[in-house]
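Before any comments, here is the structure.
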Amino acid sequence: MVHLYIRVIFLPHVMFSPVRRDVFRWGTPDPEGDWIMVGHLFVRNSEIILIDPPLIPGLIESIARIGKPKAIILTSQNHTRGSKYIREKTGATVYVPDQNPNAVEFEKYSTGKLLGFEIFRDFNDFALLTDNKEIIIADNATGSADGRLLVFPEYIPHDPPHPANETVRKEIKDLVKKTGAVTLLAGHGYNIYGNLQDLANRL
């Protein structure tokens with residue numbers, strides 16, 4: 001009798017969705033809320049910059065196939081997600097906004113420039129602008145499934161429906177106009193591609 005042994009190897013896999021060349025996104029349900037946490041990955045000269053990365057199984061192995069993680073940038077201190085673990089496994093430097101001067105675990109940043117991103121203050125959080133006029137916003141704005149621009153907290157799917165915060169609405173409108181951003185890379189929900197200025201003008 002011949003015994004046939006088949007060795008099956010399951011490799012970790014993360015589904016990155018392309019945003020454009022050398023920029024990808026992925027998401028996972030928030031364990032404490034009814035929404036999706038979204039991270040973005042930028043490839044620059046075989047080095048990886050992660051923005052607000054939610055930790056999911058296979059993420060570190062999948063990133064390593066693309067390049068070496070250089071940095072993690074958090075747009076809010078509330079977006080630490082799996083950053084400490086990713087740093088321990090990859091050696092990437094973690095940058096966090098200077099919202100809390102007593103937080104000492106990560107490197108602090110403020111407005112100005114950081115790793116090729118232009119930094120703007122976004123109400124209580126921060127926003128990053130790329131050379132391609134993409135703006136990365138933590139929690140204050142997101143796209144809807146039908147392509148609308150939503151501002152905090154109107155996209156939170158709790159009952160009763162929450163109206164948009166008028167202060168945040170004005171801040172987002174002014175920020176989009178000032179930066180000239182045409183694309184929104186959101187920390188939750190959906191991205192908006194190409195028509196951000198028009199949508200912000202309607203707020």
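How high is the relative contact order of the stretch 58-160, in percent, counting Cα pairs under 8 Å that sit 6 or more residues apart?
Reported relative contact order: 17 percent.
Mind jotting down the three principal axis lengths of the stretch 55-105 based on Cα atoms? Whole angstrom, largest first.
Here the spans come out as 35, 18, 16 Å, largest first.
Nearest 10 degrees is fine. How inclined is helix 166-179 to the longest principal axis of the chain, computing both from alpha carbons?
Once rounded, one gets 80 degrees.
As an exercise, find the ratio Rg/Rh for the stretch 128-173 from alpha-carbon atoms, using the Kirkwood inverse-distance average for Rh. Walk me through the intermediate numbers first.
Details: Rg = 11.7 Å, Rh = 11.5 Å.
Dividing the radius of gyration by the Kirkwood radius yields 1.01.
Quick check on the stretch 27-72: what does the Kirkwood estimate of hydrodynamic radius come out to from the alpha carbon pairs, in Å? Before the final figure, lay out each step's value.
Working: mean 1/r = 0.0890 Å⁻¹.
11.2 Å is the Kirkwood radius here.
Considering only DSSP beta bridges whose two residues both sit in the stretch 56-175, what percent are antiparallel, to the nearest 5?
In the stretch 56-175, DSSP labels about 70 percent of beta bridges as antiparallel.
Please give the per residue accessible area of the stretch 74-134, computed with a probe of 1.4 Å over protein heavy atoms only, in Å².
So the stretch 74-134 comes to 50 Å² accessible per residue, rounded to a whole number.
For the stretch 25-79, what does the relative contact order come out to in percent, with C-alpha contacts under 8 Å and a separation of six or more?
This gives 30 percent for the stretch 25-79.
With contacts defined as alpha carbon pairs under 8 Å and 6 or more residues apart, what's the relative contact order of the chain in percent? Please report the intermediate quantities before stating the final value.
Values: 402 pairs, mean separation 28.9, N = 203.
Once divided by the residue count of the chain, the mean separation gives 14 percent.
I'd like to know how the stretch 136-203 sits against the 2.2 N^0.38 Å rule of thumb: what's its Cα Rg over that expected value?
Details: Rg = 11.0 Å, N = 68, 2.2 N^0.38 = 10.9 Å.
Expressed relative to 2.2 N^0.38 Å, the Cα Rg reads 1.00.
According to a simple spin-label model (label point 7 Å from Cα along Cα-to-Cβ), what is the distance in nm between Glu105 and Thr167?
2.7
Send over the Kirkwood Rh of the chain, from the inverse of the averaged 1/r over different Cα pairs, rounded to one decimal Å.
After inverting the mean inverse Cα-Cα distance, the result is 17.8 Å.
The values are calculated or read from the model by the stated rules, or taken from the named source; none is laboratory data. This one's a predicted model, so the numbers in the text were calculated from it and none came from an experiment. In this analysis, Cβ positions are derived from the backbone assuming ideal geometry, glycine residues included, and neighbour counts consider all displayed protein chains. The accessibility values were calculated without ligands, DNA or RNA, using every heavy atom of the protein model including side chains. Shrake-Rupley method; radii C 1.70, N 1.55, O 1.52, S 1.80 Å.
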